[in-house]
Amino acid sequence: MFKVTPWEVSGKIDYQKLIEEFGVSEITDELLQKLPDHFMLRRRIFYAHRDLDKIIDAREKFYLYTGRGPSGKIHIGHLLPWVFNLFLQKEWGTELYFQLTDDEKFLFNEDLSLEDTKRLAYDNALDIIALGFDPEKTTIFLDTDNMNVLYPIAIKVAKRVTFSTAKAVFGFDSSTNIGSIFYTSIQSAPAFLLSEIEKKSVRCLIPCAIDQDPHFRVTRDVAEPLGYPKPASIYCKLLPSLTGNEKMSSSSPESSIFTTDDEEQVRKKIMNAFTGGAATVKEQRLHGGNPEVCAVYSYYYFFFEPDDSKVRGIHDRCRSGSLLCGECKAMLAEKVNSFLTEHRKKREKARDHIDDFVKKL
Ligand code: TYM
C-alpha cells in the first residue's frame with residue numbers, strides 16, 4: 001500500500017502503478033530524443049508527463065511554471081525539480097514563473113501563521129535564487145502579495161470545480177476548512193497567467209515531482225472550457241528519505257538533509273542512513289549489498305553523481321561486495337558537504353538579489 005497526494009506521501013511508491021492511477025504518460029525513448037540531454041531524463045528520474053510531446057512539437061512560445069509551499073526549510077528533494085527547471089531555462093531560454101504558496105501552507109498547517117509562511121517564503125526564495133536562475137527570465141511571486149492578478153483567474157477555475165471533484169481528487173471531507181477546498185484554484189491560476197496577461201493562448205510546462213499532479217489534473221479539466229490552453233507537465237520521482245522508502249520530508253528532520261544543515265549534521269544523518277548492506281562485513285564481502293533498496297545509493301543516483309559511468313561503478317562495486325557501506329557513506333557525505341558549502345555561500349549572496357527575483361505579477 002502506498003499513497004501519493006500533494007499533502008501526503010507514504011509507503012513504497014510503485015511509480016508504474018502511479019502512471020495508471022493518475023493517467024499520465026510515460027516518457028518514451030522517442031520523446032527523449034526530442035529533449036535536451038540530462039541525467040535525470042536518461043535515468044528516468046523525470047519519467048512521466050502530460051502533453052510534453054505536444055508542447056515540443058508545436059514549436060510555439062511557452063513558459064515554465066513551478067512552485068514551493070513554504071512550510072519549513074528546503075531539503076535536497078525540493079532541489080531536484082528546481083535544478084531541472086534551471087536546466088530547461090538554460091537550454092531553451094524559457095521564462096519561469098515560480099509560485100510561493102504562503103496561503104496554502106497557512107491553510108493546511110494548524111501551527112503556521114500567515115506571518116510564518118510569508119517569512120518562510122522569503123527564506124525559501126534564497127535557496128531558489130542560489131541555484132542560479134536568470135533574473136531577467138524568472139519571476140518568483142508570493143500568493144498573498146499578488147491576489148489582484150491571481151484571484152480573477154482563480155475564481156474562474158473555482159466556479160468549474162465542484163466540492164465532489166475536490167473530495168474525490170484530494171480526499172477532503174466535511175471537516176476540511178473551506179480555504180483548503182478552494183486552494184487548488186490558486187495553484188491552477190499561474191498555469192493560465194500568460195494567456196491572461198498577453199490576451200492570447202500561451203501554454204506552460206510544469207516541471208515538478210509527481211505528487212503535484214492531482215492539482216494539474218483539475219487545471220487541465222477546466223482549461224479549455226475557460227478558453228485557456230491545457231498546461232503540459234513533466235514529473236519526477238520523489239527522492240527517498242534517508243530512512244528508506246518514503247519521500248524525504250521536512251516533517252521528519254533526521255531523515256532529510258536540509259540546505260542549512262552544517263557539515264557535522266550532514267555527516268551524522270548520512271552515517272545513520274538506511275542502506276542495502278548485509279548484516280555483517282563478512283557477509284557483505286561475500287554476497288555484496290543491494291543498491292536497489294539503499295537510501296545512500298539513491299542520493300548518488302538522483303542528485304549527487306550525474307556521471308553515468310561513476311554511478312554504475314558505485315552500483316557494481318556495492319553488488320560485488322568490494323564497496324562497503326561505511327566507505328560509500330563517507331564518500332557521499334563529502335559530496336553533499338561540498339555541494340552544500342557552495343550552496344550556502346550563494347544563498348547568503350542571494351539576500352542582496354531578492355528584489356531582482358521576487359516580483360509583483
Ligand atoms: P512543496 O513545497 O511540497 O514541494 C516543492 C517542490 O518539490 C517537489 N518535491 C520533491 N521532489 C523530489 N523529491 C522529494 N522528496 C520532493 N518533495 C517535494 C514537489 O513536487 C514540488 O515540485 N503545492 C506545492 C507548491 C506549488 C507547486 C506549483 C509545485 C505551487 N505551484 C507548481 C509544483 C508546481 C507544494 O507545496 O510544493
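The values are calculated or read from the model by the stated rules, or taken from the named source; none is laboratory data. This structure is a prediction, so every number in the text was calculated from the model and none was measured. With ideal geometry, Cβ positions are generated from the backbone for all residues, glycine too; neighbour counts draw on all protein chains shown. We work out accessible area using only protein heavy atoms, side chains counted, and drop any ligands, DNA or RNA first. Shrake-Rupley method; radii C 1.70, N 1.55, O 1.52, S 1.80 Å.
Hey, with R₀ at 35 Å, roughly what FRET efficiency would residue 345 and residue 148 work out to, going by the Cβ-Cβ distance, to 0.05? Please report the intermediate quantities before stating the final value.
Working: r = 36 Å, r/R0 = 1.04.
After rounding to 0.05, the efficiency reads 0.45.
Could you tell me what percent of the accessible area of the chain is made up of carbon and sulfur, with a 1.4 Å probe and every protein chain present? Mind dumping the intermediate values first?
Details: 8250 of 16330 Å².
Carbon-and-sulfur percentage of accessible area, whole number: 51.
Using +1 at the Cβ of each Lys and Arg and -1 at the Cβ of each Asp and Glu in the chain, identify which of 231, 79, 163 lies farthest towards the dipole's positive end.
About the Cα centre, the residue reaching furthest to the positive side is 231.
Report the net charge of residues surrounding residue 185, where surrounding means a beta-carbon distance below 10 angstrom and charges are Lys +1, Arg +1, Asp -1, Glu -1.
Net charge around residue 185: +3.
What FRET efficiency, computed as 1/(1 + (r/R0)^6) with R0 = 51 Å and r the Cβ-Cβ distance, is obtained for residue 260 and residue 312, rounded to the nearest 0.05?
Computed FRET efficiency for residue 260 and residue 312 comes out at 0.95.
Taking only DSSP H segments of four or more residues, each worth -39500 (n - 2.57), what value at 222 nm results for the chain once the sum is divided by all its residues, to the nearest 500 deg cm²/dmol? It would help to have the intermediate numbers written out before the result.
On the way: 18 runs with 178 residues, N = 361.
Roughly -14500 deg cm²/dmol at 222 nm, from the helical runs in the chain.
Order these peptides, 323-331, 125-133, 41-49, by their mean beta-carbon neighbour count within 10 angstrom, highest first.
On the way: 323-331: 17.2, 125-133: 20.9, 41-49: 19.3.
For the peptides 323-331, 125-133, 41-49, the packing ranking is 125-133, 41-49, 323-331.
Could you work out the relative contact order of the range 1-160, using alpha carbon pairs under 8 angstrom and six or more residues apart, expressed as a whole percent?
Relative CO of the range 1-160 lands at 18 percent.
What angle, in degrees between 0 and 90 and rounded to the nearest 10, separates the Cα long axis of helix 114-130 from the longest principal axis of the Cα atoms of the chain?
The helix 114-130 is inclined about 60 degrees to the chain.
Under a plain spin-label model, where a point goes 7 Å from the Cα along Cα-to-Cβ, how far apart in nm are residue 30 and residue 168?
Reported label-point gap for residue 30 and residue 168 is 3.1 nm.
Quick check: net charge around residue 143, other residues with Cβ under 9 Å of its Cβ, Lys/Arg +1 and Asp/Glu -1?
Around residue 143, the charge tally is -4.
What residues from the range 16-37 fall in the zone where the backbone N is under 12 Å from a label point 7 Å along the Cα-to-C-beta line of residue 131?
None, by backbone N distance to the label point.
Any idea which of 96, 241, 56 is furthest toward the positive side of the dipole for the chain, if Lys and Arg beta-carbons carry +1 and Asp and Glu beta-carbons -1?
The Cα lying farthest towards the positive end belongs to 56.
Using the Cα centre of the chain as the reference point, and only Cβ charges (+1 on K/R, -1 on D/E), how large is the resulting charge dipole? Debye, rounded to the nearest 20. Could the numbers behind the result be given before it?
On the way: 49 positive and 53 negative charges, 87 e Å.
That gives the chain a dipole magnitude of about 420 debye.
Per residue, how many Å² of accessible area does the chain show with a 1.4 Å probe?
Ligands and nucleic acids excluded, the figure is 45 Å² per residue.
Go through 140, 112, 270 and say which Cα lies farthest out towards the positive end of the charge dipole of the chain; charges sit on Cβ, +1 for Lys and Arg, -1 for Asp and Glu.
Final value for the positive-end residue is 270.
Considering only DSSP beta bridges with both partners in the range 3-242, what is the antiparallel share in %, to the nearest 5?
Here the antiparallel bridges make up roughly 30 percent for the range 3-242.
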